[in-house]
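Chemist: Structure in structure tokens, see below.
Each reported figure results from applying straightforward, stated rules to the coordinates on display, with no laboratory input. The shown structure was predicted, so the numbers you read here are calculated from the model rather than taken from an experiment. When we count neighbours, we look across all protein chains shown, and the Cβ atoms used for this are built from the backbone with ideal geometry, even at glycine.
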Amino acid sequence: MRRHMQVRHCVIPAAGLGTRFLPATKALPKELLPVLDRPVLQWGVEEAVAAGVDTMVVVTSRGKELLAAHFDAAPELERTLEARGKLDSLEAVRRATRLASFAYVYQPEPLGLGDAVRCAAAVVGDRPFGCLLPDDLSWGSKPVLAQLVDAHRELATPILALTRVPRERISRFGCAMVAESRGRLHRVTAVVEKPAPEDAPSDLAIMGRYVLTPAVMEALVAIGPGAGGEIQLTDGIGAVIGSTAVWGLEFEGELLDVGTLEGWLQTLVRAAAEHPGYGPALRRAMAGVSG
């Protein structure tokens with residue numbers, strides 16, 4: 001029986017400047033841009049909660065205090081909604097404050113994803129933890145992070161979210177070299193950050209969901225800057241390959257892009273089209289545009 005510890009924490013890197021959405025994100029963190037009735041960050045938190053995680057470790061930076069404010073109580077707003085009988089809105093506001101416990105840590109400089117994750121080391125401690133990038137929204141019957149947690153429960157190793165992409169697009173992602181497969185599970189023997197298509201060891205892209213172990217965090221704390229002067233998360237993962245097994249899960253469902261303006265618009269339209277309440281309004285709006 002493999003020994004494993006429950007995944008209690010989810011590290012959510014949210015310290016970026018949101019330059020792809022300027023000027024909209026000059027003052028508003030991009031993680032608070034809405035998809036339907038809630039911000040993309042809340043979608044991510046709800047995904048982590050569905051995976052059994054109870055503590056969110058949000059990695060933030062100066063000027064992004066609104067991230068914490070969204071999940072804090074708002075007594076004046078709640079009193080106003082209650083007095084006006086807007087009980088559905090009141091429950092939606094309160095629900096965000098009850099989702100999980102939150103810890104906020106700061107990344108002083110934008111030194112890469114690996115650096116952002118290692119900023120959470122003191123909070124996570126000597127435990128496995130989830131990591132979720134809010135630039136993608138999980139879409140499917142079972143959230144992606146929950147699938148990874150299930151795989152970690154079975155294998156007690158780091159688990160990477162993998163999906164197959166056309167070779168010409170692999171340079172946009174980290175890429176996994178694999179040695180064996182058990183259905184959708186693949187044992188990872190190397191990770192390459194954004195390889196050229198002709199150099200990619202496979203068509204398996206590493207997506208923005210992980211379950212990581214203390215060994216990976218220790219490696220991130222120890223290593224120095226890599227490509228571009230940054231500390232890459234793939235460097236920390238690569239550092240433990242050889243001393244520990246690393247597996248990837250070719251997950252079911254999709255991760256929808258909300259980290260670019262084009263992707264956010266496509267995700268917003270798709271989410272609205274499939275929503276029983278908003279779908280009819282979207283179809284009426286689109287009919288008016290096409291007409």
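Chemist: Amide H to amide H under 5 Å from Asp136: which residues, 5+ apart in sequence or cross-chain, H placed 1.01 Å off N in plane?
Modeler: It is Val258, by chain and number.
Chemist: Please tell me the relative contact order of segment 139-279 in percent, rounded to the nearest whole number, where contacts are Cα pairs under 8 Å and at least six residues apart.
Modeler: 32 percent
Chemist: What is the fewest-to-most order of His70, His275 by other Cβ atoms lying within 10 Å of their Cβ?
Modeler: Sorted ascending by nearby Cβ count, the order is His275, His70.
Chemist: If I stretch the segment between Ala122 and Ala281 completely, what's the gain in nm (0.36 nm per residue apart, minus their alpha carbon distance), one decimal? It would help to have the intermediate numbers written out before the result.
Modeler: On the way: separation 159, 0.36 × 159 = 57.24 nm, distance 4.68 nm.
So the chain would gain 52.6 nm between Ala122 and Ala281.
Chemist: Taking θ = phi - 60°, what integer Hz values does the Karplus form 6.51 cos²θ - 1.76 cosθ + 1.60 yield along segment 100-109, in sequence order, with x for Gly and Pro?
Modeler: Taking θ as phi minus 60°, the curve returns 6, 8, 10, 10, 10, 10, 10, 9, x, 10 Hz for segment 100-109.
Chemist: Let me ask you something else. Can you work out ³J(HN,Hα) from phi for every residue in segment 18-25, in order, using Karplus 6.51 cos²θ - 1.76 cosθ + 1.60 and θ = phi - 60°, giving whole Hz and x for Gly and Pro?
Modeler: In residue order, the calculated couplings are x, 5, 5, 10, 4, x, 4, 9 Hz.
Chemist: Find the centroid of the Cα atoms in segment 232-291 and in segment 103-129, then give the distance between the two in whole Å.
Modeler: Result: 24 Å between the Cα centres.
Chemist: Can you give the Rg and Dmax of the chain based on its C-alpha atoms, in angstrom?
Modeler: Cα only, the chain: 19.7, 63 Å (Rg, Dmax).
Chemist: If you look for lysine pairs in the chain that are eight or more places apart or on different chains, how many of them have Cα atoms under 30 Å apart?
Modeler: Summing the qualifying lysine pairs gives 9.
Chemist: Between 0 and 90 degrees, rounded to the nearest ten: what's the tilt of helix 144-155 against the longest Cα principal axis of the chain?
Modeler: Helix 144-155 sits at roughly 30 degrees to that axis.
Chemist: Something else now. Would you mind calculating the gained length between Thr189 and Ser141 on full extension (0.36 nm times residue separation, minus the Cα-Cα distance), in nm to one decimal?
Modeler: Length difference between fully extended and current span is 14.3 nm.
Chemist: Something else: Given R₀ = 41 Å, what would the calculated FRET efficiency be for Val221 paired with Leu87, taking r from the Cβ atoms and rounding to 0.05?
Modeler: Values: r = 47 Å, r/R0 = 1.16.
Approximately 0.30, to the nearest 0.05.
Chemist: In addition: With each run of n ≥ 4 DSSP H residues scored as -39500 (n - 2.57), what mean residue ellipticity at 222 nm is computed for the chain after dividing by its residue count and rounding to the nearest 500 deg cm²/dmol?
Modeler: Details: 11 runs with 102 residues, N = 291.
Calculated mean residue ellipticity at 222 nm is -10000 deg cm²/dmol.
Chemist: What's the exposure ranking of Arg118, Arg38, Arg84, going from fewest to most Cβ atoms within 10 Å? Each step should come with its number before you reach the end.
Modeler: Values: Arg118 27, Arg38 16, Arg84 10.
With the sparsest Cβ surroundings first, the list reads Arg84, Arg38, Arg118.
Chemist: Counting only C-alpha contacts under 8 Å and six or more residues apart, can you give the relative contact order of the chain as a whole percent?
Modeler: Averaging sequence separation for qualifying contacts and normalising by length gives 22 percent for the chain.
Chemist: Follow-up. If the chain between Val269 and Leu36 were fully stretched, how many nm would it gain, using 0.36 nm times the residue separation less the Cα-Cα distance?
Modeler: Values: separation 233, 0.36 × 233 = 83.88 nm, distance 0.91 nm.
Gain in length upon complete extension: 83.0 nm.
Chemist: Calculate the dipole size of the chain relative to its Cα centre from +1 charges on Lys and Arg beta carbons and -1 charges on Asp and Glu beta carbons; express the result in debye to the nearest 20.
Modeler: Approximately 420 debye in magnitude.
Chemist: Where does helix 87-98 land angle-wise versus the long Cα axis of the chain, in degrees 0 to 90, nearest 10?
Modeler: The angle comes out at about 30 degrees.
Chemist: Here is a follow-up. Among Thr80, Thr60, Thr55, what is the fewest-to-most ranking by other Cβ atoms within 10 Å? Mind dumping the intermediate values first?
Modeler: Values: Thr80 13, Thr60 23, Thr55 16.
Neighbour counts put them in this order, fewest first: Thr80, Thr55, Thr60.
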